[in-house]
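Structure, as structure tokens:
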Amino acid sequence: MRHNAASDPRGKIMRDKSNKTLWGGRFTGEADPGFAEFNRSFGFDRRLFEVDIRASIAHCDGLARADVLTTDEAEQIKSALTTVLERGQSHAGYFDELPAEDVHSFVESQLVEMIGDTGRKLHTGRSRNDQVATDLRLWLREEIDHLVLALSNTQAALLDFADANCDAVMPGYTHLQRAQPVLLAHWCLAYFEMLTRDRERLADVRKRVNVLPLGSAALSGTSYPIDREAVARSLGFAAVSRNSLDAVSDRDFCIEFAGAASLIMLHLSRLAEDVILYATTEFGFFELSDAVATGSSLMPQKKNPDSMELVRGKAGRVFGHLMALLAVMKGLPLAYNKDMQEDKEAVFDTVDTVNACLAVTATVLRSLRLNEARARASAGQGYLNATELADYLARKGMPFRQAHEIVGRIVMHAIGRKVELNDLSLADLKSFSPLVEPDVFESLSIERTLATKSQTGGTAPERVAEALAAARASLADGD
């Protein structure tokens, strides 16, 4: 692990004997400045600063329990680490004061500067390999918790939109063709269910993230009698890693997280696509608030759904991080390889992107306006009640396949006359089947079409009301 060293007048990086490198004793030559910069990760892994100090304090306690450090030495180290943490949290330019290769060397150099050789004892029994794996797991575990809350907030926005328009009807689509009427709330609940599974996936990923690698050292385990289980408890980990080679050399937990995050973005992208379509003049169901739309630099009349288009576009960005992580890891031999430094930027940006997209989506939903009359009118046009007519005939005793064929002919007849099915006369309908009675028109109404879908999961108003109540309760319970 390399600390930055000072540059000599020729522009070469000098390897000095001070504590600005962690590994320089083996080397006598000068480091190429271009490589030194290429090798550096402090520009992005400084995000691990707080968790690195927390993990270092836990490791310090483990060393003290193992009698590697005296009580006084441990207290000095922990006090100094706390001071470093406070400075990093309160001083905006703190990280720029001393160039460092990575966050670990930065923290250690600050520690040694404060308490001298005692600070150099902290790294006893650990390697940068298990240190960074621990930091990343700590950081990601907390970010998963934040993402679960962000998902819940977006789900609440969906339910608020559903409740505000609980009686609204809209067309449901297959193949992007009008299919059958559904309640708008039913549409909202579809996305609610997707995001519920996303929360469950994150909770499942968290279980495998929540394992402590510290104590694995570089690859073969530590030779000091550190109580790893006690260290795990102090950091809130549920278990310790069972194999030191595996603990320092795999990032499957990052890949699994990126996979779960990709599914979140897939669902947000589909939701965004629906909102974008329904906000077009051609559909006219939704209007985005001015707060989450933009205009055109050329066309004054435009109102563009940039918020949702960006969510849709950023899905590809997260998918790319998943593919990148898979590609980085696929051919690595055991144990640690420097390739794995590429994990952090992918994970960091995935977390940032998903959080931002969830927040923007919730904002869009909370300000979205529905043209209820337009949506309902569209649900009543285009023969969306054709299946109801087939079911009507089937309930009269006709085999459904025969009823389907007859209704298809009735639809062709209505298309020729440029009317909807419920605009045909009773005589017209009876000419296709003597089973048709005056009660057919009640069966063809939007209200009846919705009401018949009364099994669990259907769009009947009473089922949707129950589903909304259950969804609210699940959010309140944190399920």
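The table for this structure:
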{"quantity": "The range 270-288, residues that are of a type outside the set (A, V, I, L, M), assigned to a loop (DSSP other than H, G, I, E, B) and in contact with a strand residue (DSSP E or B) (Cβ under 7 Å, 6 or more places away or on another chain)", "calculated": "Phe285"}
{"quantity": "Tally, over the range 355-408, of residues that are farther than 30 Å from Leu147 by Cβ, among the polar types (S, T, N, Q) and touching a residue at least 60 places away in the same chain (Cβ under 8 Å)", "calculated": "5"}
{"quantity": "Residues of the range 361-386 that turn out to be buried (at least 16 other Cβ atoms within 10 Å of the Cβ) and closer than 19 Å to Trp187 by Cα, as a count", "calculated": "17"}
{"quantity": "Count of the range 96-107 residues which are closer than 12 Å to Arg46 by Cα and open to solvent by 30 Å² or more (accessible area, probe 1.4 Å)", "calculated": "2"}
{"quantity": "Residues being more than 22 Å from Val248 (Cα to Cα) and either free of Cβ contacts under 8 Å to residues at least 24 places away in the same chain or small (Gly, Ala, Ser) (or both) - total across the range 114-147", "calculated": "3"}
{"quantity": "Boolean, Arg242 is surrounded by fewer than 20 Cβ atoms within 10 Å (Cβ to Cβ), basic (Lys, Arg) and either in contact (Cβ under 8 Å) with a residue 12 or more places away in the chain or in a strand (DSSP E or B) (or both)", "calculated": "no"}
{"quantity": "Unmet criterion (only one of (1) small (Gly, Ala, Ser); (2) buried (at least 16 other Cβ atoms within 10 Å of the Cβ); (3) within 22 Å of Ser234 (Cβ to Cβ)) for Ser152", "calculated": "(3)"}
{"quantity": "Enumerated helices (runs of 4 or more DSSP H) restricted to the range 427-479, each holding at least 3 residues that are more than 30 Å from Leu195 (Cβ to Cβ) and more than 27 Å from the chain's Cα centre (by Cα)", "calculated": "440-443"}
{"quantity": "Unmet requirement for Leu158, which otherwise passes all of (1) assigned to a helix (DSSP H, G or I); (2) out of contact with any Phe, Trp or Tyr (no Cβ under 7 Å at 6 or more places or on another chain); (3) crowded, with 23+ Cβ neighbours inside 10 Å; (4) touching a residue at least 60 places away in the same chain (Cβ under 8 Å)", "calculated": "(2)"}
{"quantity": "Residue list for the range 167-202, filter: within 18 Å of Val275 (Cα to Cα), in contact with a helix residue (DSSP H, G or I) (Cβ under 9 Å, 6 or more places away or on another chain) and open to solvent by 60 Å² or more (accessible area, probe 1.4 Å)", "calculated": "Leu176, Arg178, Glu193"}
{"quantity": "Residue that is most open to solvent (accessible area, probe 1.4 Å), among those in the range 245-258 that are part of a helix (DSSP H, G or I) and touching a helix residue (DSSP H, G or I) at 6+ places or on another chain (Cβ under 6 Å)", "calculated": "Glu256"}
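The values are calculated or read from the model by the stated rules, or taken from the named source; none is laboratory data. These numbers were taken from a predicted model, which means no experiment stands behind them. Reconstructed Cβ throughout: ideal geometry from the backbone, glycine too, with neighbour counts over all protein chains shown. Heads up: the accessible areas ignore ligands, DNA and RNA and are worked out on the full protein's heavy atoms, side chains in. Shrake-Rupley method; radii C 1.70, N 1.55, O 1.52, S 1.80 Å.
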